[in-house]
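What follows is calculated from the coordinates using simple rules that are stated; it is not laboratory data. Treat the numbers as computed from the prediction; the structure is a model and nothing was measured. Every residue, glycine among them, receives a Cβ derived from its backbone with ideal geometry; neighbour counts consider all protein chains shown.
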Amino acid sequence: MDILEFGKGVLAQQPFSVLLGAELTQFEQGLAEIQLPLRADLKQQHGFAHGGVVSYLADNALTYAGGSVLGQVLTLEMKINYTRPAIGEQLIARAEVESHGKRQAVCSCRVYAVKDGEEKLCALAQGTVLVTG
């Protein structure tokens, strides 16, 4: 089984990811991308994506990226900067491993809102993931 199919299987076992409608679209050594249709029920009162949805995407993408080099991991910590309201039809989180050892990896993630085919950066995140067990 290739790594992308394996990763999709893991995502399918995450009830919250399934509820949101997240899709793993890239998963390879050191990289991960998760996409999410931006439905009305994922928006806040001003019509853009709720910060918790944006944060979820960053967290999960960071963990996938770290897991691609370390195996089974959990997020140890994460920081996120929201750069603009996430307005559009879709969100895309792209994460990559910046540095790793045997037990942890530091990863970065950019979250984009896609409106009319144009991607606009809406958040930057950095996190540390830790091998479990």
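The stretch between GLU118 and ILE3 holds 38.6 nm of extra length on full extension. This uses 0.36 nm per residue minus the Cα-Cα distance.
All other residues with a Cβ under 9 Å from the Cβ of GLY88 taken together, and with Lys, Arg as +1 and Asp, Glu as -1, what is their net charge? Each step should come with its number before you reach the end.
Details: positive: LYS115, LYS120; negative: GLU89, ASP116, GLU118, GLU119.
Result for the neighbourhood of GLY88: -2.
What is the magnitude of the charge dipole of the range 17-110 about its Cα centre, with +1 placed on the Cβ of each Lys and Arg, -1 on the Cβ of each Asp and Glu, and no other charges, expressed in debye to the nearest 20? Using only the charged Cβ atoms, the result is roughly 200 debye. Eigen-decomposition of the gyration tensor built on the alpha-carbon atoms of the range 64-133 gives equivalent ellipsoid semi-axes of 27, 11, 9 angstrom, largest listed first. The 3J(HN,Hα) values that the Karplus relation (6.51, -1.76, 1.60; θ = phi - 60°) gives for the range 82-91 are, in residue order, 8, 9, 6, x, 8, 10, x, 9, 8, 10 Hz. Gly and Pro appear as x. For the chain, the longest principal axis of the C-alpha atoms and the axis of helix 3-12 are separated by about 60°. For the chain, find the longest principal axis of its Cα atoms and tell me its angle to the long axis of helix 51-70, 0 to 90°, nearest 10. The angle comes out at about 20 degrees.
Report the relative contact order of the chain, percent, no decimals, based on alpha-carbon pairs under 8 angstrom and at least 6 residues apart.
Numbers: 306 pairs, mean separation 31.5, N = 133.
Computed over the chain, the figure is 24 percent.
Work out how much length LEU130 to VAL18 would gain on full extension: take 0.36 nm times their residue separation and subtract the Cα-Cα distance, in nm to one decimal. Let's see the in-between values first.
Working: separation 112, 0.36 × 112 = 40.32 nm, distance 2.37 nm.
Once the chain is fully extended between LEU130 and VAL18, it gains 37.9 nm.
By the helix-only formula, in which each DSSP H run with n ≥ 4 contributes -39500 (n - 2.57) and the sum is divided by residues, the chain has a 222 nm mean residue ellipticity of -8500 deg cm²/dmol.
Here the alpha carbons of the range 3-131 define both size measures, Rg and Dmax, at 13.8, 43 Å. Counted over the range 36-82 with a bin width of 5 Å, the fraction of Cα pairs per bin, in whole percents, is 5, 20, 25, 17, 15, 11, 6, 2. Between ARG103 and VAL10, the FRET efficiency from the beta-carbon distance, with R0 = 25 Å, is close to 0.80.
Taking Lys and Arg as +1 and Asp and Glu as -1, the other residues whose beta-carbon sits under 14 Å from that of LEU62 total -2.
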